[in-house]
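Student: Have a look at this one.
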Amino acid sequence: MAGRINDEDVKAVRDAVPIDAVVSEYLQLRNAGGGNLKGLCPFHDEKSPSFQVSPSKGLFHCFGCQEGGDTITFVMKIDHLTFSEAVERLAGQAGITLRYEEGGYNPSHQRGERIRLVEAHKLAAEWYAEQLATGPEAETGRVFLAERGFDQAAAVHFGVGYSPQGWDHLTRFLRGKGFSDKELVLSGLAQEGRRGPIDRFRGRLMWPIRDIGGDVVGFGARKLYEADNGPKYLNTPETGIYKKSQVLYGIDLAKKDIAKSSRAVVVEGYTDVMACHLAGVTTAIATCGTAFGTDHIKILRRLLMDNGSARVIFTFDGDAAGQKAALRAFEDDQKFAAETYIAIAPDGMDPCDLRLAKGDEAVADLVEPRTPLFEFALRQIVGRYDLDTPAGRAAALDEAAPVVARIKNSGAQHEVAVQLAGMLGILDTQFVVKRVAQLARWARDRGGKGPAPERPGRPQHGGPQQQYAAAPAAPRGPALNLRNPVFATERELLKLALQRPELVSPAFDAYGVDEFTAPPYAAVRQAILDAGGAEYGVQDPQEYLIRVRDAAPDDTVRAMVTELAVEAIMRRAVDEVYAGEVLVRVRRRAVERRVREVNGKLARLSHHADQAELSAVQNELWVLQQYDQALREHGAAAL
């Protein structure tokens, strides 16, 4: 079993890798004010950003699903890693050598399975690329690329490689790098043969498939020889790191430009992605041997941020298969908040063929959005009927109206229904509009899946290591009514204590846990106390938050700590004056509660208590009233 990672090294990894740099590999982040960043949460579907990142604190928190934590937590959750695997990955990015407390440095064979599989794919990709560049046998692959307009520089840019025709060239190479036969089979790079593992890919042109973080997780292999009895394209099988429904070829190269331009181009193959990028369309991506589906949409939505100008353009062949793929894409159209379009090249050419025939400008012109996807889908349906007859128009309406009714945005639905009437040649436009609205209402009454995201582009209406071991989903904290001024003020004070401890220290550390009336806030106050108080936060702000999270008794309180450490403070200018006002409000309310308690006690004692006890209670009441008056007159100076 691998040794425990040294705590100092864990802290060094946290400090060395900025959380915003890690998170931005997976989703687009924008300024949220107060030094925070925001984006669409990668852990649940949402139409407006509720996921916030605080670079200064090294924390993230989603105010929608309550997921939160630090850089290590994020990597664990997003890539389904163990604590050790996440630390090892981040350490590798930062160039930090980890120490292990049981057994010194960790041997390579003891590292997490995902880390090992990714490392095997990285080495395989480098080895395949070297074979293509220098291997005599790979001349066939080089010719194949050249005939499609790709030179050696293009092959290097996309990492294209070649797998030799022998049985176990790659297998022997990776064995020499310390990988076991079991790891090679698990990775999908090898498969069981009669006498042990053999290479899965042989005699093929190889495209490395990378996840959004840039790790090679699989390969797409193109047949080159007639003697190869396998399929034209052979992909890595489903493995622990490769799920074809969750990867997009080229996303690692395209993600920054997709986020920057709010536009993505979806093509059908690896060479189409290459052709588009080389033609200047650097937002092109492709699926890997599967239809474009829900998980692919989630990846793009996080990059596009669902703003009103976002565009997704699908390019499909003009043949029957391409039309079928377009209609399949339209089935998921409502899951986008972006506008979706379709582009079909003249003569049914794909972007690779078009670039060869007509050059880069033709490819760039192809993907300029022209035909909305919903319009293409409706035209395909309508085109199957004889619209010169009443029966044909009625039948076309019967099939097309439910498609329009699926558009949940009422304004867009009305607009498309009017267009459908024009396509069908039905002069009574209101008849079609009412028919669509009726179908939509019936669907809602039958308990459909609920409203789709509004579409902004169209008319709108209406110990630290043990802490991470199991990586459970963060539960929601107790519901708190923040319209209650008492709860709102207590929350504000805790945010100040976590985010700006220098403004409330040392006064805050004298506040009792019972001065926080909301149980979740009282628990956070106790965690701050157990972590050394706000005074410690002045000395070491980064370590302070880690200590407070570690001191939390359970995941609910830990999630609340993260939430309060990330949430914006409710004042544009956060200074000592504001902090003093919040401190005083919380203390005065605590004093007022105690005054009520003492008054009640006096009322009870007035009937039967002796004079000494009565005098003591009266004296306490007088002291409280004097203290409250001092707080009113002098503010924070009286604390």
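Student: How many residues does the stretch 540-567 hold that are hydroxyl-bearing (Ser, Thr, Tyr), under 21 Å from GLY35 (Cα atoms) and within 23 Å of the chain's Cα centre (by Cα)?
Tutor: 1
Student: Let me ask something else about it. Exactly one of these conditions fails for TRP167: (1) within 28 Å of ILE299 (Cβ to Cβ); (2) not assigned by TED's automatic domain parsing to the domain that holds PHE51. Give me its number.
Tutor: Checking TRP167 against (1) within 28 Å of ILE299 (Cβ to Cβ); (2) not assigned by TED's automatic domain parsing to the domain that holds PHE51, the one that fails is (1).
Student: If I filter the stretch 203-222 down to residues being buried (at least 18 other Cβ atoms within 10 Å of the Cβ) and part of a loop (DSSP other than H, G, I, E, B), which single residue comes out as farthest from the chain's Cα centre (by Cα)?
Tutor: GLY203
Student: Moving to a separate point now. Please enumerate the residues belonging to the stretch 236-262 that are crowded, with 23+ Cβ neighbours inside 10 Å and of a type in the set (Val, Ile, Thr).
Tutor: THR236, ILE241, VAL247, ILE251, ILE258
Student: Follow-up question, since we're still on this one. Restricting attention to the stretch 399-410, does a residue exist that is modelled with pLDDT under 85, in a helix (DSSP H, G or I) and not β-branched (Val, Ile, Thr)?
Tutor: yes
Student: Considering only the stretch 140-150, state which residues are more than 17 Å from GLU130 (Cβ to Cβ) and out of contact with any Lys or Arg (no Cβ under 9 Å at 6 or more places or on another chain). Working first, answer last.
Tutor: Going through the stretch 140-150, the residues more than 17 Å from GLU130 (Cβ to Cβ) turn out to be 143-144, 146-150.
Across the stretch 140-150, the qualifying residues are VAL143, ALA146, GLU147, PHE150.
Student: When both residues are 6+ apart or on different chains and their Cβ atoms are under 8 Å apart, which pairs have a first residue that lies in the stretch 140-151 and is closer than 16 Å to ARG202 by Cα and not assigned by TED's automatic domain parsing to the domain that holds LEU354, and a second that is hydroxyl-bearing (Ser, Thr, Tyr) and crowded, with 19+ Cβ neighbours inside 10 Å?
Tutor: Every condition considered, the pairs that remain are GLY141/TYR162.
Here's the yes/no breakdown for (1) closer than 21 Å to PHE487 by Cα; (2) at pLDDT below 90:
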position	(1), (2)
THR517	yes, no
GLU535	no, no
GLU581	yes, no
LYS601	no, yes
LEU605	no, yes
HIS608	no, yes
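Student: Closer than 21 Å to VAL247 by Cα and at pLDDT 95 or above - does that describe any residue in the stretch 192-203? Spell out how you get there, then give the answer.
Tutor: Within the stretch 192-203, the subset closer than 21 Å to VAL247 by Cα is 200-201.
Those left that are additionally at pLDDT 95 or above: 200-201.
Taking every residue of the stretch 192-203 in turn, at least one turns out to be closer than 21 Å to VAL247 by Cα and at pLDDT 95 or above.
Student: Given the conditions (1) of a type in the set (A, V, I, L, M, F, W, C); (2) assigned to a loop (DSSP other than H, G, I, E, B); (3) touching a Phe, Trp or Tyr at 6+ places or on another chain (Cβ under 8 Å), and given that ALA568 satisfies all but one, which numbered condition is not satisfied?
Tutor: (3)
Student: Could you check VAL156 against (1) more than 23 Å from LEU224 (Cα to Cα); (2) under 35 Å from the mean Cα position of the chain (by Cα) and say which number it fails?
Tutor: Failed condition: (1).
Student: Would it be correct to say that TYR233 is surrounded by 15 or more Cβ atoms within 10 Å (Cβ to Cβ), at pLDDT 85 or above and hydroxyl-bearing (Ser, Thr, Tyr)?
Tutor: yes
Student: A further question follows. Failed condition for VAL281, given (1) under 27 Å from ALA138 (Cα atoms); (2) buried (at least 18 other Cβ atoms within 10 Å of the Cβ); (3) not basic (Lys, Arg), with all others met?
Tutor: Status for VAL281: all satisfied but (1).
The values are calculated or read from the model by the stated rules, or taken from the named source; none is laboratory data. Keep in mind that what you see is a predicted model, and the values were worked out from it rather than measured. For neighbour counting, all protein chains shown are included, and Cβ atoms are generated from backbone atoms with ideal geometry for every residue, glycine included.
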